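Q: Got a structure here, written out as structure tokens. Questions coming.
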Amino acid sequence: MSVFQRVHMPSLDGATGWLNSEPLGSAELRGQVVLVNFWTLTCINWLRQEPYVRAWARAYRDDGLLVIGVHTPEFGFEHDIDLVEQAARERDIDYPVAADNDYGIWTAFANHYWPALYFVDTDGIIRDEHFGEGRYEESERVIQRLLGVERHLVSVEGVGPEAAADWDNLRTPETYLGYGRGGSGAETPIADLLVNDWALAGEWTIGPENIVLERAGGSIGFRFHARDVHLVLSPGAQDPIPFRVLLDGEPPGESHGVDVDEDGNGLLPEGRMYQLVRQQDRIRDRTVEIIFDGPGAEAYSFTFG
């Protein structure tokens with residue numbers, strides 16, 4: 001979409017619910033600069049972008065900026081509005097969020113990406129757009145131009161799963177585990193994995209968007225080259241499931257993710273993205289293994305940073 005095209009912002013009538021706001025229509029948006037942010041709660045790219053969106057919402061609110069999040073689920077469990085509300089609390093999101101469980105808003109915008117930003121002027125015209133992470137300085141300058149203000153840019157530093165990726169050393173891409181998006185584990189023991197390969201141990205069922213553990217003690221292994229390792233997990237209909245993380249066969253110690261302790265112990269009580277490993281030393285090829293102490297664990301995708 002060219003910034004020179006006069007494309008009106010589509011309606012938000014397709015929302016299936018709202019957080020932090022009553023439903024917003026054209027009357028409520030008239031005369032405001034609007035930033036529309038498409039996200040889904042387990043998207044690592046959105047998590048790393050969100051500190052900027054959150055900062056812009058607060059820094060420019062009194063200047064006339066209205067940020068609207070649109071949560072369009074990628075995985076089945078992300079339709080659960082309770083999980084969306086929890087994600088909003090965890091990320092300290094206080095601006096309006098439209099739940100888009102039926103993809104009505106997504107379709108109206110002809111959107112294809114998580115995250116996506118649409119910059120709308122006071123006449124309701126989309127003046128710019130950006131897909132994915134990055135371009136933060138330029139995006140903030142767009143907001144300032146639409147508002148007619150000029151000042152220093154906000155200072156942002158993400159922490160935990162919001163920390164920016166180590167792009168200079170990242171060598172392992174996002175990997176989906178269900179067969180619907182090409183997920184296929186290596187037919188080799190976890191200890192013998194090659195870089196960017198994953199494998200299963202135990203009894204698993206591979207579905208279109210996830211893999212499901214049928215018996216306690218099963219594990220997933222991945223040989224990776226990255227600083228951070230994240231895994232989208234859900235317990236399905238089961239009670240919270242304890243799990244353990246090993247890094248090169250040992251407890252992760254001080255190099256650990258925010259969702260496990262130094263011995264690698266974690267608990268799977270809900271569906272979301274779990275940060276399992278955050279390395280503190282020199283990044284090199286490592287193997288992570290996640291061992292589940294109960295059946296029913298559902299795993300969807302690995303992401304790295």
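Q: Filtering the range 272-305 down to residues that are farther than 13 Å from L170 by Cβ and of a type in the set (A, V, I, L, M), which residue is farthest from the chain's Cα centre (by Cα)?
A: Checked the range 272-305; the qualifying residue farthest from the chain's Cα centre (by Cα) is I291.
Q: Report, by residue number, each residue of the range 26-58 that is of a type in the set (G, A, S), surrounded by fewer than 19 Cβ atoms within 10 Å (Cβ to Cβ) and either more than 23 Å from G104 (Cα to Cα) or touching a Cys at 6+ places or on another chain (Cβ under 7 Å) (or both).
A: The answer is G31, A55.
Q: For the condition among the hydrophobic types (A, V, I, L, M, F, W, C), surrounded by fewer than 16 Cβ atoms within 10 Å (Cβ to Cβ) and either assigned by TED's automatic domain parsing to the domain that holds W46 or part of a loop (DSSP other than H, G, I, E, B) (or both), what is the one hit in A191, A226, A237?
A: Of the residues listed, the single one that is among the hydrophobic types (A, V, I, L, M, F, W, C), surrounded by fewer than 16 Cβ atoms within 10 Å (Cβ to Cβ) and either assigned by TED's automatic domain parsing to the domain that holds W46 or part of a loop (DSSP other than H, G, I, E, B) (or both) is A237.
Q: Could you list, in sequence order, all residues of the range 274-301 that are in contact with a Phe, Trp or Tyr (Cβ under 6 Å, 6 or more places away or on another chain) and either modelled with pLDDT under 95 or not small (G, A, S) (or both)? Even if it seems obvious, please write down each step before you answer.
A: So the first thing to find is which residues in the range 274-301 are in contact with a Phe, Trp or Tyr (Cβ under 6 Å, 6 or more places away or on another chain), and the list is 288, 290, 292, 300-301.
Result: V288, I290, F292, Y300.
Q: Could you grab me the full set of residues in the range 103-125 that are part of a helix (DSSP H, G or I) and either at pLDDT below 95 or polar (S, T, N, Q) (or both)? Write out each step before concluding.
A: Within the range 103-125, the subset part of a helix (DSSP H, G or I) is 104-108.
Once the filter is applied, which keeps residues that are part of a helix (DSSP H, G or I) and either at pLDDT below 95 or polar (S, T, N, Q) (or both), the range 103-125 yields only T107.
Q: Filter the range 81-102 down to residues that are at negative phi and assigned to a loop (DSSP other than H, G, I, E, B) and give me whichever is surrounded by the fewest Cβ atoms within 10 Å (Cβ to Cβ). Walk me through it before giving the result.
A: First pass over the range 81-102, keeping only residues at negative phi: 81-91, 93-102.
From the residues that got through so far, the ones that are assigned to a loop (DSSP other than H, G, I, E, B) too are 91, 93-96, 100-102.
Details: R91: 19, I93: 23, D94: 16, Y95: 21, P96: 21, D100: 28, N101: 17, D102: 14.
In this case the residue turns out to be D102.
Q: With (1) touching a Phe, Trp or Tyr at 6+ places or on another chain (Cβ under 7 Å); (2) under 30 Å from Y60 (Cβ atoms) as the list, and V159 as the residue in question, which single condition is left unmet?
A: Going through the list (1) touching a Phe, Trp or Tyr at 6+ places or on another chain (Cβ under 7 Å); (2) under 30 Å from Y60 (Cβ atoms), V159 breaks only (1).
Q: Just give me the residues in the range 5-35 being touching a residue at least 12 places away in the same chain (Cβ under 8 Å) and not in a loop (DSSP other than H, G, I, E, B), in sequence order.
A: Within the range 5-35, V7, H8, G17, W18, L19, S26, L29, V33, V34, L35 qualify.
The values are calculated or read from the model by the stated rules, or taken from the named source; none is laboratory data. Bear in mind that the values here come from a model prediction, so they are computed numbers and not experimental data. Heads up, the Cβs are rebuilt from the backbone with ideal geometry, glycines too, and the neighbour counts pull from every protein chain shown.
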